[in-house]
Every structure is written in C-alpha cells, then in structure tokens.
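Notes to accompany the following structure.
The values are calculated or read from the model by the stated rules, or taken from the named source; none is laboratory data. In this text, all values refer to a predicted model and were calculated from it rather than measured experimentally. Note that each Cβ is placed from the backbone with ideal geometry, even for glycine, and that neighbours are counted across all protein chains shown.
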Amino acid sequence: MTDQARESSVVEAAPKQLFINGKWTDASSGATFDVLDPSTGKVLCAVSDASPEDGMAALEAAAAAQSAFAATAPRARADMLMRAFHLLHERIDTLALLMTLEMGKPLAESRGEIAYAAEFFRHFAEEAVRVNGGYQVAPAGGARFLVTKQPVGPSLLITPWNFPMAMGTRKIGPAIAAGCTSVIKPAAQTPLSMLALAEILAEAGVPEGVVNVVPTDDAGAVMEPLIRSGLARKLSFTGSTAVGRRLLEQCADKVLRTSMELGGNAAFIVFPDADLDAAVDGAIAAKMRNSGEACTAANRMYVHADVIDAFGTKLAEKMAALPVGRGVDDGVRVGPLIDAAARGKVRQLVTDAVERGAKVLTGGEIGNEPGFFYPPTVLTGVPESARMRHEEIFGPVAPLTSFTSEEEVVAAANDTEYGLVNYLYTNDLSRALRVAEALETGMVGINQGVVSNPAAPFGGVKASGLGREGGPTGIEEFLETKYIGIALA
Ligand code: NAP
C-alpha cells in the first residue's frame, strides 16, 4: 500500500459519527463539519456535528447510566481501563497515523502521546481499587464518624486539540475509575482521535451510556445548556483561560464541581552554574514538544548574562537543524501548526518582539509551502514589554532574555497571571530548591524540560486553573466525600 493509500484507509476506517448511549449516530440535523490536515490545509473528512439536542441526549444517556455504573465493582471498572490500555498499545500505529493526520505532530510524538494517554488508564485502573474512607471516634466520644467516597455523578469533559487523546484519557480514566459517567466534547479540529478512543472503550466493555462523545463546531451552543441543565454534576475542562473563565461562570448557576486545566506562561531559567548542554537539550524538549503548542511549553527563557551568548548559539544551532515537514514523513521533528490563525498569531508575536528590539538568531521567516508551517525560531534580547512575554506563543519560538540575580529572575518569572509550570537549570541543590519553592506555579521541572507524568499531580495555580489531574489525587476530582455520623448507645 502506498503512503497515501494508507493515510486514506486509516481516515476512512475511523468513526465519524456521534457516540451516544453506546450507538454510533448521525447528528439529528444531519449536519457535518470538516476536519483538515494542517500539513496540507486540505479536508481529511467530515464528522457529524452535534446539535444542542444531541448534546442533551448524550447527557440524558449518561445520567440514566450513572447509578448502575456507580454500583459496579471497582475491580470491574479497573478491568475495563486495563483492557483499553492494552487495546491502545495494540493499535498504536493506526491511532498515531490518525492523530498525526488531524493534528500535525510527527508520528513519533503521536505514538508518544498515545502511550502517555494509555498510561492514564493503567494508572487509574490501579487507583480504582484503592479508593477508601475512614472510621473515627468523635473527639467527645460516643458518636462515630464513617467517611466514604462516592462518584460525583455525570460529568462533562471538554478537551483541546493539542493533545487530542491524552487530554481525554486524563479525564475519562479517573471518571471511569471513580464510577462517573460522562459526555465528552473533543476539540472541533481533532475529533477523530477521541472517536477512535470511544470505539476502544466500547470494545473494552465500558457499558452503554457511560462514555458519550459529541463532536460539534458550535461548542458554546451545545455545552452551555448541558452545564445549566441540572443533570450534570461536574465539568472538567482543558483549554484556554479565556474559555475557562466563561465556563466557570456558567458552572456557578448549578454549583458544579469543576476542574480547570488552563493556559500557561512557563519560564525556563538557566543559572550560570548549569550544565549548558543539558540545559539546551531541556530547552528543546520544553519548547519543541508539539511544536510549542503545549500549555507546558517554555514561553519565556531567562538565561544568566554570563552564559546567554553561549546558550543562544548552541540552541539556535540545534533548533535550525530540526527537520520541518509533514508529521507522517520519516525523520520529521517539527510538524505544522494547527491552523492559519495559530500561525498568524505566532508571526505577529515575533514581529512585535523584533520591533521592540529582539534579535533573530534563527528562523522567523515563513516559507511558501502549503500547510501551516512555522520554522523553529530563536530570539534573543526579548524585552519584558514584548507581547510574547505575557501571551502564550503556542509555536516553535524560543525567546531569550538575560538576567543577573536570582531575586530578579524569580520576580520576573512570577510576574504573570499564569501559574502552570516553570523549569530551572542549576547544579546548586540549595538554589534549585529555594527557587522551586519561590516560583508561583503548580509544577516545577528541575534540570528537566518535561514534567508530564500520569503518576504525578498535574495542574496549575493562579489563572492556570483549579484541581489536579493524574497522580494520587487525580481520582479525587471525580469523588465526593460523604460523612455518616453514627450515634453509639
Ligand atoms: P480553547 O479554545 O479554550 O478550546 C478548548 C476546548 O473548549 C475545545 O474543545 C473548544 O471547542 C471548547 N470550547 C471553546 N469555546 C467553548 C465554549 N464557549 N463552551 C464550551 N466549550 C468551548 O483552547 P484550545 O485552543 O483548544 O487549546 C489551547 C489552550 O489549552 C491553551 O491555552 C493551552 O495552554 C490550554 N491547555 C492547557 C492544558 C493544561 O493541562 N493546563 C493542557 C493542554 C492545553 P472548539 O474546538 O469547538 O473551539
């Protein structure tokens, strides 16, 4: 089979309808919307476009399935997740190709994301059977306190396009483990990976109505009535801070439990005593994962004045050598951005920084090829007034700024409304811990450019969100604590 034929056959075989109550259905209106390949700008396929009525049907199915699912044995739910974990690995080649076609990232990164996504299922399969409560004597004696955990109930899960599968399993895994049913709305740009996941979950034995998937290109119109319906008990959202804020307001109406994984503005700090080669490799990992389209992407690089020139030269050399191209092609390390608007924003931010005095060490110029490509770019001397100091770049642009003191760089790193993650490179353990404690983020990477790990609590402070996903506490986001007081005669 030619590469082109394989691409077409994978897209053709992928589910493209709504998944409601265990059945694949067209949208009630018959409407569809197009999914594009960002490496060509061409249409890959059309997907059913859920209407508000379809969304409500999905939530009604989830609500109807809730009590029976909550009553299933934790071990049975764990087994469903483990079967799905194995199926994801068995189908990793096909799923990776599908993800690369709809999202653009290189195949190796898509495989990495699917393995990461699957790991959430294994992690939460192990957590499902460890949920426990407590039994306590009241301080004044007599009464006893019995504390138990119960599923929150039907949950709305909204995910972004940048990690089309892992941002879903990070929510679906703990929801199933805890005994919650759900309605998932994947990003309109990348619904295919989530629909393929729904197929796998059904095969893994997840009962009808427990997981429902409603792609739509009118997210607000479909989701707001569900949020306000009174049938849903929780919203777990991953996406931008702007949309997160609006959703929090909507959730206030019915006082829904919320988990919010929002935007970031990560600082990447290199102290003069750092291993410079390791810091350059870490910078590439922190910047170039997903072509910079990650909430965890290093958005501001602060490098000590003594080493900034050497660091900039090495980084620019390595960034310039990264092969750019269609993610399906061998050896490609940098795929296209998700769409023309995303590329336009990156271009504007670079122009703005250059106009304010930044110098281009490599990249910065868009070519004429089809698709939404932007070259790996390194800027130095980026002033604090540049827009990219305050806005997510979401592209392969590394902006360097120098600093001279620890206090100065900590203050600069904290001077943002975001608080997701920061990275620091130093060989001084005291400094590493001192700075890590002073940084106002939910996560810190010390001498490492990637912090994501399903077994660790992922999440932010300030405008980067509420709650944690993964780790030992991820399942708590889908559990309520019930206290039962018992009078002892
Ligand atoms: P986005 O525009 O906020 O969209 C995220 C999701 O919300 C999509 O499914 C989107 O649907 C949906 N949505 C948009 N407007 C909505 C509305 N009014 N009501 C209900 N749903 C709505 O973000 P994005 O551009 O897809 O993703 C990038 C952002 O996500 C960045 O800010 C990034 O930092 C953040 N992110 C955070 C994390 C984290 O863990 N903290 C992880 C990954 C990404 P449509 O696709 O139809 O617009």
Among the listed residues Val255, Val243, which satisfies the condition of being of a type in the set (A, V, I, L, M, F, W, C) and more than 11 Å from the ligand (Cβ to nearest atom)?
Val255
Subset of region 260-270 that is outside any loop (DSSP other than H, G, I, E, B) and buried (at least 24 other Cβ atoms within 10 Å of the Cβ) - its residue that is farthest from the ligand (Cβ to nearest atom)
Val270
Considering only residues of region 414-442 that are of a type in the set (Phe, Trp, Tyr) and under 22 Å from the mean Cα position of the chain (by Cα), which is nearest to the ligand (Cβ to nearest atom)?
Tyr418
Sole miss for Glu199 among (1) over 15 Å from Ala61 (Cα atoms); (2) within 16 Å of the ligand (Cβ to nearest atom); (3) part of a helix (DSSP H, G or I); (4) more than 14 Å from the chain's Cα centre (by Cα) is condition (2)
Are there any pairs with C-beta distances below 6 angstrom linking a residue in region 18-45 that is farther than 25 Å from Leu201 by Cα and at pLDDT 95 or above to a residue that is exposed (fewer than 15 other Cβ atoms within 10 Å of the Cβ) and not β-branched (Val, Ile, Thr), with the two at least 6 apart or on different chains, and if so which?
Thr40/Pro370; Gly41/Pro370; Val43/Asp34
Please identify the pairs in which a residue from region 436-456 that is without any contact (Cβ under 8 Å) to a residue 12 or more places away in the chain and over 14 Å from Ala285 (Cβ atoms) has its Cβ atom under 6 Å from the Cβ atom of a residue that is among the β-branched types (Val, Ile, Thr) and surrounded by 16 or more Cβ atoms within 10 Å (Cβ to Cβ), counting only partners at least 6 apart or on another chain.
none
With region 390-489 as the region, which strands (runs of 3 or more DSSP E) entirely inside it contain at least 2 residues that are under 29 Å from Glu249 (Cα atoms) and β-branched (Val, Ile, Thr)?
none
Can you name the strands (runs of 3 or more DSSP E) wholly within region 1-87 that have at least 3 residues being under 20 Å from Ile158 (Cβ atoms)?
18-20
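To keep it simple, each residue is scored yes or no on (1) in a strand (DSSP E or B); (2) under 18 Å from the mean Cα position of the chain (by Cα).
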position	(1), (2)
Glu113	no, yes
Ile172	no, yes
Ile184	yes, yes
Ser193	no, yes
Pro207	no, no
Can you name every residue in region 443-474 that is buried (at least 22 other Cβ atoms within 10 Å of the Cβ) and either under 16 Å from Thr238 (Cα atoms) or within 16 Å of the chain's Cα centre (by Cα) (or both)?
Met443, Pro454, Phe458, Gly459, Gly460, Ser464, Gly465, Glu469, Gly470, Gly474
Exception for Gly331 within (1) away from the ligand (no atom under 13 Å from the Cβ); (2) under 30 Å from Leu157 (Cβ atoms) falls at (2)
Kindly evaluate Val222 against the criterion of being surrounded by fewer than 23 Cβ atoms within 10 Å (Cβ to Cβ) and not charged (D, E, K, R).
no
Residues that are within 16 Å of the ligand (Cβ to nearest atom) and either over 13 Å from Lys482 (Cβ atoms) or not aromatic (Phe, Trp, Tyr) (or both): find the strands (runs of 3 or more DSSP E) completely inside region 117-169 holding 2 or more of those.
155-158
From the residues in region 229-254 that are surrounded by 15 or more Cβ atoms within 10 Å (Cβ to Cβ) and more than 23 Å from the chain's Cα centre (by Cα), which one is nearest to Phe121 (Cα to Cα)?
Leu231
Taking first residues from region 173-188 that are near the ligand (Cβ under 9 Å from one of its atoms) and second residues anywhere that are part of a strand (DSSP E or B), the pairs with Cβ under 7 Å that are 6 or more apart or on different chains are Lys185/Ile158; Pro186/Val213; Ala188/Phe33
Output for Cβ contacts, cut-off 6 Å, separation at least six or different chains, first residue touching a residue at least 40 places away in the same chain (Cβ under 8 Å) and under 13 Å from Gln250 (Cα atoms) in region 214-232, second small (Gly, Ala, Ser) and away from the ligand (no atom under 11 Å from the Cβ), reads Leu226/Ala232
Which numbered condition Met223 misses (of (1) outside any loop (DSSP other than H, G, I, E, B); (2) within 19 Å of Glu113 (Cα to Cα); (3) near the ligand (Cβ under 8 Å from one of its atoms))
(2)
Being in a helix (DSSP H, G or I) and either under 20 Å from Leu400 (Cβ atoms) or not aromatic (Phe, Trp, Tyr) (or both) narrows it down to one residue among Ala274, Ala283, Ala294; which is it?
Ala283
